[in-house]
Each structure stands twice: as C-alpha cells, then as structure tokens.
Amino acid sequence: MRNAYASHTDFGFLNGIIQDNPKAMPSNLDMVFERKGKFLVGEWKRTNEEISVGQKILLKQLAILPNFTVLIINGYSDNEGIEIDKFYQVGQNSLIYIDSGIDALKSYINTWYKLSNNAI
C-alpha cells in the first residue's frame, strides 16, 4: 500500500440507504490495473476469509464484461509480509485455478499488461 496510514473504509453508514434493497452495500476491490481500457481486478482473501454474497455477485458480473479480468488471490500483502498461496480467475460459473506464489502472480500481471498493451 502506498499510504501506510490509510485505513479500511467502513461503509456501515450506508446500511439501508437503498429503500428498495436495504441489504445493498458497496463493495471494495483490493487491486485494480487499467491499460488501454482493459481492467485487471484482484480480490485478496486470507485463509478462511469468506467472500460475501454481494461481493461474489459483483466479481462475477465484472468477470463477464469483455474488458475485465477478475482474480481471487488467496494470500496477503501487508505489514506482516507477503504470502500468495493460490490465485484463480473468475469464470462465468467457476473459479479457474491459475497458479501459486509471488513470482507466478507477477508473471501473470506482466502477461496481462503486455496483452492489454497490444490489444486493438
């Protein structure tokens, strides 16, 4: 994180804001890259940390858009260190295992960037 003093945003104050859907809440994304209108989105989860139903819906809907690639990364990168167990691409109806480890994630991001950079 570029700002060590940045805190997690608590959206609790928006609870019930949408009268037709009082359970609707915003979701945050942990990682977003953009290159020439292409987006790589990543959601990081620690071991045993669940993705909420709303966030699952959001990630799946982003993944079906033509210019979005969505990853779920099992691991963390914070003041405790960096660990990347496995990472997956979100498909229409499943998670597609990609690889594991820091170097594999870096390689994946670089490949995505090169492909996006050369896209017409």
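Looking at segment 62-120, which of its residues are of a type in the set (S, T, N, Q) and modelled with pLDDT under 95?
Ser77, Asn79, Gln92, Asn93, Ser94, Asn117, Asn118 - these are the residues of segment 62-120 that are of a type in the set (S, T, N, Q) and modelled with pLDDT under 95.
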Discussion item. Under 15 Å from the mean Cα position of the chain (by Cα) and at positive phi: which single residue out of Gly101, Gly75, Gly81, Gly91 fits that description?
Written reply: Gly75
Worksheet item: Any residue in segment 96-115 that is within 20 Å of Val32 (Cβ to Cβ), touching a residue at least 24 places away in the same chain (Cβ under 8 Å) and assigned to a strand (DSSP E or B)?
Response: yes
Item to complete: Within segment 48-65, track down each residue that is surrounded by 16 or more Cβ atoms within 10 Å (Cβ to Cβ) and either over 12 Å from the mean Cα position of the chain (by Cα) or polar (S, T, N, Q) (or both).
Response: Gln55
Practice prompt. Quick one: Phe11 ticks every box in (1) within 21 Å of Tyr97 (Cβ to Cβ); (2) in contact (Cβ under 8 Å) with a residue 12 or more places away in the chain except a single one, so which number is it?
Written response: (1)
Item to complete: Output the residues belonging to segment 11-47 that are under 17 Å from Ile64 (Cα atoms) and exposed (fewer than 13 other Cβ atoms within 10 Å of the Cβ).
Response: Val32, Glu34, Gly37
Discussion item. I need the full set of residues from segment 66-94 which are surrounded by 14 or more Cβ atoms within 10 Å (Cβ to Cβ) and among the aliphatic types (A, V, I, L, M), in order please.
Written reply: Val70, Leu71, Ile72, Ile73, Ile84, Val90
Worksheet item: Looking only at strands (runs of 3 or more DSSP E) that fall completely inside segment 1-81, which ones have 3 or more residues that are charged (D, E, K, R)?
Response: 38-45
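The values are calculated or read from the model by the stated rules, or taken from the named source; none is laboratory data. Here the structure is a predicted model, which is why all the values come from computation and not from measurement. Note that each Cβ is placed from the backbone with ideal geometry, even for glycine, and that neighbours are counted across all protein chains shown.
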